[in-house]
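Q: Got a structure here, written out as structure tokens. Questions coming.
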Amino acid sequence: MNFRFIQTAINTEAARRELQDLGAGGYASFEGWVRDQNEGQEVTRLEYEAFQELAVKEGDRIVAEALRRFPVKHALCIHRVGSLGLGDMAVWVGVSSAHRGEAFDACRFIIDEVKHRLPIWKKEHYRNGDSGWVNCERCAAEPQHSHAADHQRIASEPV
Amino acid sequence: MSGGPIYGLILAGGASTRMRRDKAALMYQGKTQLDRAFELADRHLDKVFVSLRAEQRLDRTRAQRPMIVDSIAGEGPIVGIRSALAAHPESAWLVLACDLPFLSDTAVEGLLRGRDPNALATAFKSAHDGLPEPLCAIWEPAAAEALAVYQAAGGHCPRKFLMRHAAHLLEPADPRALDNVNTPEEYAQALATFDNLSPMQLKIQYYALMREQAGRSEETLETSAATPADLYTELAARYGFTLSREQLKVAVNSEFSDWSRRLAANDAVVFIPPVAGG
């Protein structure tokens, strides 16, 4: 399995070792961290929730697609679920390959697809006591605004 | 959606000659077909009327509902449609025949979403011959005059009318939705189909916002919803979900699914609100 969930802190050293290959000249990784604010609100913590049965299948398909599209050696993605504090790592992607260009490209591809295809949700808790499911609460207030496209789009926005 | 209001019109003025019984009064799943069609339209529209002939005014099956009595001479469904257009000239009409027992929320939603208010009508193509289905269609106010001309020239077939005029045609949402029931044999087959369909048990799992709004993370329920789309309509009415179906995806048995897939007993269904991983 090239995609998995974890309930506790992600051990990046152990994950990185899974990618080692004598044919690899390098490795690129991406870490997504919990930020202290989002869209003008002060965030105090996040809760991640996933429909894991489907998400691991789809996550595995994303990594397999990356391995087909880019000439890389190995790729792995680990996503954390549960309650996370500021600065905690929510997601880790690592790719090893002969040359650096494909490693960066594959890494970018995987995180972009993960963000838009996997059934994972996050609830933000704010300094003022409010909380909200990201991408869900405001579109509920504007039902004419469809987010369906977001499910499929290959995004280029930063985490 | 542009254009004026849309009211519902359930056509119940037919003679049911081939059935040899009143088609509006045929029972499916414990309800008359008239009530089922009326309630279906009523879930999507503000006002729904029953179209009938003057001599049917006091008929028990029909009398409980707001009605539009034929006000125009002639025979057939065109008379009912023209009478409705004359009664509320500013309104478009979602017209539903009374012999479509498999008509679903998905089909009605598809018609409303696909409506072109600039055409004389919006209709599905028949799954059998590709021709317009005039009796599960939206008729626009502008159709009134063209229908009068057509009828004055001796025309009486709403399908031929839609073939000659600029109707906006949609691919059928669910091929079976427009199967009509005209004979005692077809009625028997339809009842057998319903026996096989319902009710069945489904397992629903809820995540994130859906879990909070449903107040539970899973449930097993008995339903006659044929598709995930129908199931969402049923559950959204029960739990007051704030997200519209267009904002969601759906999974059946842990794989992404079409909204129009036919559900089977013990399927596990998950509605997927907008995602936010990473």
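Q: Kindly indicate whether B:Tyr150 is among the hydroxyl-bearing types (Ser, Thr, Tyr), outside the structural domain of B:Leu243 (by TED's automatic domain parsing) and crowded, with 16+ Cβ neighbours inside 10 Å.
A: Here the answer is yes, as B:Tyr150 does meet what is asked.
Q: Let me ask something else. Can you tell me which of (1) farther than 26 Å from B:Asp22 by Cα; (2) in contact (Cβ under 8 Å) with a residue 40 or more places away in the chain is the one B:Glu145 doesn't meet?
A: Going through (1) farther than 26 Å from B:Asp22 by Cα; (2) in contact (Cβ under 8 Å) with a residue 40 or more places away in the chain one by one, B:Glu145 breaks only (2).
Q: Can you confirm whether B:Leu94 is within 14 Å of the chain's Cα centre (by Cα) and closer than 21 Å to B:Tyr150 by Cα?
A: yes
Q: State yes or no: is B:Ala192 within 14 Å of another protein chain (Cβ to nearest Cβ) and of a type in the set (Gly, Ala, Ser)?
A: No: the conditions fail for B:Ala192.
Q: In the set B:Ser16, B:Ser51, which member is hydroxyl-bearing (Ser, Thr, Tyr) and surrounded by fewer than 20 Cβ atoms within 10 Å (Cβ to Cβ)?
A: Selected residue: B:Ser16, the only one of B:Ser16, B:Ser51 that is hydroxyl-bearing (Ser, Thr, Tyr) and surrounded by fewer than 20 Cβ atoms within 10 Å (Cβ to Cβ).
Q: Determine, yes or no, whether B:Pro199 is without any contact (Cβ under 8 Å) to a residue 40 or more places away in the chain, more than 14 Å from chain A (Cβ to nearest Cβ) and touching a strand residue (DSSP E or B) at 6+ places or on another chain (Cβ under 9 Å).
A: Spelling it out, B:Pro199 is indeed without any contact (Cβ under 8 Å) to a residue 40 or more places away in the chain, more than 14 Å from chain A (Cβ to nearest Cβ) and touching a strand residue (DSSP E or B) at 6+ places or on another chain (Cβ under 9 Å).
Q: Take the residues in the stretch A:31-64 that are among the charged types (D, E, K, R) and at the interface with chain B (Cβ under 10 Å from one of its Cβ atoms), then tell me which one is nearest to B:Val269 (Cα to Cα).
A: Only one residue fits best here, namely A:Glu53.
Q: Pick out, from the stretch B:80-185, the helices (runs of 4 or more DSSP H) lying fully within it that include 2 or more residues that are more than 23 Å from B:Gly14 (Cα to Cα) and not basic (Lys, Arg).
A: Passing ranges, in order: B:105-114.
Q: Which residues, counting only those in the stretch B:246-275, are touching a residue at least 40 places away in the same chain (Cβ under 8 Å) and either surrounded by 16 or more Cβ atoms within 10 Å (Cβ to Cβ) or not in a strand (DSSP E or B) (or both)?
A: B:Trp259, B:Ser260, B:Leu263, B:Ala264, B:Ala265, B:Asn266, B:Asp267, B:Val269, B:Val270, B:Phe271, B:Ile272, B:Pro273, listed by residue number.
Q: Which of the residues spanning the stretch B:225-245 are of a type outside the set (Ser, Thr, Tyr), outside any loop (DSSP other than H, G, I, E, B) and away from every other protein chain (no Cβ under 11 Å)?
A: Residues satisfying the conditions are B:Pro228, B:Ala229, B:Asp230, B:Leu231, B:Glu234, B:Leu235, B:Ala236, B:Ala237, B:Arg238.
Residues are listed down the side, and each one gets a yes or a no for (1) small (Gly, Ala, Ser); (2) touching a Phe, Trp or Tyr at 6+ places or on another chain (Cβ under 9 Å); (3) at pLDDT below 95:
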{"residue": "B:Ser198", "(1), (2), (3)": "yes, no, yes"}
{"residue": "B:Tyr206", "(1), (2), (3)": "no, yes, no"}
{"residue": "B:Leu248", "(1), (2), (3)": "no, yes, no"}
{"residue": "B:Val252", "(1), (2), (3)": "no, no, no"}
{"residue": "B:Ser257", "(1), (2), (3)": "yes, no, no"}
{"residue": "B:Arg261", "(1), (2), (3)": "no, no, yes"}
{"residue": "B:Ile272", "(1), (2), (3)": "no, yes, no"}
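Q: If you scan the stretch B:62-90, which residues turn out to be among the small types (Gly, Ala, Ser), crowded, with 19+ Cβ neighbours inside 10 Å and farther than 16 Å from B:Leu34 by Cα?
A: Passing the criteria: B:Ser83, B:Ala84.
Q: Quick one: would you say B:Ser257 is within 14 Å of another protein chain (Cβ to nearest Cβ) and among the hydroxyl-bearing types (Ser, Thr, Tyr)?
A: When the stated conditions are applied, B:Ser257 passes them.
The values are calculated or read from the model by the stated rules, or taken from the named source; none is laboratory data. No experiment lies behind these values; they were computed from the predicted model shown. As a convention, Cβ positions derive from the backbone with ideal geometry for all residues, glycine included, and neighbour counts pool all protein chains shown.
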